[in-house]
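What follows is a single structure, written as structure tokens, with notes after it.
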């Protein structure tokens, strides 16, 4: 990372951790339309539930290794034996419910992909294909959910997704750029 990147004003949730800065500057709030990128975000947000995003970012490469480079077709074929193996993997979050949810979500992802031609077309329909721009002034102004994340959550749950509550869906929407919630003092706010 160059010196200019270090001197930028960022959203207040970004600390001095280099991975957090890179994530903020190059991923968070930037629209993702490729199904593989979207599925990776689903996996990571499933794993993040109840934990810090920094923890997940620092384990991202381990998740990629453990979950077949985020390939939903391969993950959907995982068995109880794979779950047992992953429960012993100290490089990831060893939570049986989250591991099983990742496998189940891969199956549901593929079903939606088949029905809508792309998962992207389905998921972006909740915002009419456009990013919603928020205007948080500080950490207290960040929302934990929205009307769109509630609708998304309800639909995903009906389709069999796990770990798909409104708050997780909202964080997912921020991560893939469906919601741009950079604080007004952040260098990315107007971009």
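Values in this text are rule-based calculations from the coordinates and carry no lab data. These numbers come from a predicted model, not from an experiment. A quick note on method: Cβ atoms are made from the backbone with ideal geometry, for glycine too, and the neighbour counts reach across all protein chains shown.
Table for the structure above
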{"quantity": "Test: residue in the stretch 76-93 that is closer than 15 Å to residue 162 by Cα, touching a helix residue (DSSP H, G or I) at 6+ places or on another chain (Cβ under 9 Å), in contact (Cβ under 8 Å) with a residue 40 or more places away in the chain and crowded, with 20+ Cβ neighbours inside 10 Å", "calculated": "no"}
{"quantity": "Total residues in the stretch 101-154, condition in contact (Cβ under 8 Å) with a residue 24 or more places away in the chain and part of a loop (DSSP other than H, G, I, E, B)", "calculated": "12"}
{"quantity": "Residues located in the stretch 165-181, provided they are in a loop (DSSP other than H, G, I, E, B) and farther than 18 Å from residue 121 by Cβ", "calculated": "165, 181"}
{"quantity": "Odd one out for residue 160, checked against (1) under 30 Å from residue 190 (Cα atoms); (2) out of contact with any strand residue (DSSP E or B) (no Cβ under 9 Å at 6 or more places or on another chain); (3) in a loop (DSSP other than H, G, I, E, B)", "calculated": "(1)"}
{"quantity": "Residue within the stretch 60-75 that is surrounded by 15 or more Cβ atoms within 10 Å (Cβ to Cβ), within 14 Å of the chain's Cα centre (by Cα) and closer than 30 Å to residue 141 by Cβ present", "calculated": "yes"}
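Residue by residue, here is whether (1) touching a helix residue (DSSP H, G or I) at 6+ places or on another chain (Cβ under 8 Å); (2) surrounded by 14 or more Cβ atoms within 10 Å (Cβ to Cβ) holds:
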site	(1), (2)
129	no, no
133	no, no
156	yes, yes
171	yes, yes
178	yes, yes
182	no, yes
